[in-house]
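Asker: Take this structure first; my questions come after.
The values are calculated or read from the model by the stated rules, or taken from the named source; none is laboratory data. This structure is a prediction, so every number in the text was calculated from the model and none was measured. Virtual Cβ from ideal backbone geometry, glycine too; neighbours counted across all protein chains shown.
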Amino acid sequence: MKLPSGPGAPAPDAREALTEATAVCRAVSTMTAEIAVTGSAGGHRVRGRLLAGVAPPAAARLEAVAPFGQPFFIFVSRNNDATLLLPREDRVLEHGRPAAVLDAVAGIPIDASDLRATLTGCASTPDVGGARQLGDIWRIIPDGPGDVYLRRDSRWQLVAMVRRDPEGRDWRVGYSDFSAGLPRTIRLTSLVGDRFDLTLRLSQVETNVPLDADAFRVQIPRTSQPITIDELRRSGPLGQRADGR
């Protein structure tokens, strides 16, 4: 999808457009899904399957599962505290910064709160006062460190976001294949260098199902040894090692 550019003009209808575009995602509290991941991250080809669960205000669980045997990794996060368990290697990272851990292990530089907004296709902290219109079908609304893009066909739809990570590097989210008002295909693309270009295809989506606190905890075996962020980055995304093994 080619996004519009240019200064545009003030958008007096931005609040109404945003309300219509986010009516479904704003009603989502919790969400679980199976996610097929393809693309590239950190110079590695990526192909995997994730089981995901997110809940407000900032709780997330991701498991990179394999056809047989133990998961490649289990990531859980609540607020600003993340734990990553690598069952196959019997290693663990505790009390990490969620965005840094998720970036290292999966190539996606977002925390639990942003992950929930990304998977549901919803604005986080929109500023409709700063909205711009480009023609009749596009509205661009500032949203935290970035912008959300609304496009009107038969109705307003949030079709893309441009985000900025803590190091000031921009990346983009594109949405398509909407079902019941929520996206089923999400593309994450780095706009600085070739850090990542990932396509997420969601299935088995369930919303507003009860997720208790235990869903965002992980049982750490006593035998697990610590692992560092730097070691995770060297391992490659989704547990794929740089040497291809």
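Asker: Within the stretch 5-14, is even one residue in a strand (DSSP E or B), modelled with pLDDT of 95 or more and surrounded by 20 or more Cβ atoms within 10 Å (Cβ to Cβ)?
Answerer: no
Asker: Just give me the residues in the stretch 84-100 being crowded, with 21+ Cβ neighbours inside 10 Å, in contact with a strand residue (DSSP E or B) (Cβ under 7 Å, 6 or more places away or on another chain) and over 13 Å from T223 (Cβ atoms), in sequence order.
Answerer: Result: L84, L93, G96, P98.
Asker: Scan the stretch 164-182 and tell me whether some residue there is closer than 24 Å to L50 by Cβ and touching a Cys at 6+ places or on another chain (Cβ under 9 Å).
Answerer: Yes, the stretch 164-182 contains a residue that is closer than 24 Å to L50 by Cβ and touching a Cys at 6+ places or on another chain (Cβ under 9 Å).
Asker: What number goes with the only condition from (1) in contact with a strand residue (DSSP E or B) (Cβ under 7 Å, 6 or more places away or on another chain); (2) of a type outside the set (D, E, K, R); (3) in contact (Cβ under 8 Å) with a residue 40 or more places away in the chain; (4) within 24 Å of R97 (Cα to Cα) that P166 does not pass?
Answerer: (1)
Asker: Which ones in the stretch 151-191 are in contact with a helix residue (DSSP H, G or I) (Cβ under 9 Å, 6 or more places away or on another chain) and part of a loop (DSSP other than H, G, I, E, B)?
Answerer: Passing the criteria: R155, D165, P166, A180, G181.
Asker: Has the stretch 56-67 got any residue that is assigned to a strand (DSSP E or B), out of contact with any Phe, Trp or Tyr (no Cβ under 9 Å at 6 or more places or on another chain) and at pLDDT 95 or above?
Answerer: Of the residues in the stretch 56-67, the ones assigned to a strand (DSSP E or B) are 59-65.
Narrowing the set further to residues that are out of contact with any Phe, Trp or Tyr (no Cβ under 9 Å at 6 or more places or on another chain) leaves none.
No, the conditions are met nowhere in the stretch 56-67.
Asker: For the stretch 146-203, which residues satisfy the criterion of being at pLDDT 95 or above and acidic (D, E)?
Answerer: Within the stretch 146-203, D147, D177 meet the criteria.
Asker: When you go through (1) in a loop (DSSP other than H, G, I, E, B); (2) under 27 Å from S179 (Cα atoms) one by one for L119, which number turns out not to apply?
Answerer: (1)
Asker: What single numbered condition from (1) under 25 Å from G174 (Cβ atoms); (2) in contact (Cβ under 8 Å) with a residue 24 or more places away in the chain; (3) surrounded by fewer than 18 Cβ atoms within 10 Å (Cβ to Cβ) fails to hold for D111?
Answerer: Single failed check for D111: (3).
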